[in-house]
Amino acid sequence: MNVSFSIVESVDWAKLDSFPDRTLFQTKPWLDFVVEAQHASPVILEAFINNQPVGFFTGLIVKTGGVRILGSPFPGWTTSYLGFNLNRDIDRSALLEPLAKFAFRELGCWHVELMDRHLTVPQVDTLGWKFRLFQNTEIDLAPSEEDIWDRLKGSCRT
């Protein structure tokens, strides 16, 4: 399998936002906020497998002590999952090593961190990468407000 990436120079935000695994933290307004707050440069990469487009990667580059680092995101950015937005049935772990190589060679970064809600411990563990688990609570906002409140424990409602 041949995995490659290219920098998206002119971002079609509607196309990116159409991916079902897209989150609030990958939208243009949120990225603009992080760019301003962290003095970062946004990076949107298109991912290809065997020269066929399979999705995108969202990250931001910051410079610390003269060193470029790619965060998707970094702790302290008040930003949750960034990472990939991919077509269904794509093995995200197959893109990790090629992403790191692209970041080091093409983007001139010395370090990469990413948080992707669809990567599993076994996928990352087999690569020998250092990782930590992120615990979070998510609430599905699709039901009515009354249904959402009914599902919450009494102590959580306040």
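The values are calculated or read from the model by the stated rules, or taken from the named source; none is laboratory data. As the structure is a computational prediction, the values presented were derived from the model and not from experiment. Backbone-built Cβ (ideal geometry, glycine too); neighbour counts: all protein chains shown. For the accessible areas, the whole protein counts, side chains as well, though only heavy atoms, and no ligand, DNA or RNA atoms are used. Shrake-Rupley method; radii C 1.70, N 1.55, O 1.52, S 1.80 Å.
Things worth noting here:
- Residues whose amide H falls under 5 Å from that of Arg68, counting only those 5 or more places apart or on a different chain, are Trp110, with hydrogens built in the peptide plane.
- Magnitude of the charge dipole for region 3-119, about its Cα centre and with charges confined to Cβ atoms of Lys, Arg (+1) and Asp, Glu (-1), is about 160 debye.
- Converting phi to 3J(HN,Hα) with the Karplus coefficients 6.51, -1.76 and 1.60 and the offset θ = phi - 60°, region 76-92 yields x, 8, 6, 10, 8, 3, 10, x, 9, 10, 10, 4, 4, 6, 9, 6, 4 Hz in sequence order, with x at every glycine or proline.
- If the convex hull is drawn through the Cα atoms of the chain, its volume per residue in Å³: 156
- Here the 3J(HN,Hα) profile of region 46-52, calculated from phi with Karplus coefficients 6.51, -1.76 and 1.60 at θ = phi - 60°, is 8, 9, 10, 10, 6, 6, 9 Hz, Gly and Pro shown as x.
- Residues whose amide H falls under 5 Å from that of Thr27, counting only those 5 or more places apart or on a different chain, are absent, with hydrogens built in the peptide plane.
- Vicinal HN-Hα couplings computed from phi for region 26-42 (Karplus, 6.51 cos²θ - 1.76 cosθ + 1.60; Hz; Gly/Pro x): 9, 7, 4, x, 5, 4, 4, 4, 5, 4, 5, 6, 10, 6, 10, 10, x
- The chain: relative contact order as a whole-number percent, Cα under 8 Å and 6+ apart: 19
- Loop trypsin sites (Lys or Arg not before Pro), region 72-109 (other Cβ atoms within 10 Å of the site Cβ: 11 or fewer; DSSP): Arg88
- Sum of side-chain charges, Ile44 neighbourhood, beta-carbon under 11 Å (Lys, Arg +1; Asp, Glu -1): -1
- Under 5 Å, built H, 5+ apart or other chain: amide partners of Leu114: Ser72
- Note on Asp91: accessible area approximately 80 square angstrom, rounded to 10, probe 1.4 Å, nucleic acids and ligands left out.
- Å² of accessible area per residue within the chain, as computed with a 1.4 Å probe and no ligands counted: 63
- Share of carbon and sulfur in the accessible heavy-atom surface of the chain [1.4 Å probe, %]: 52
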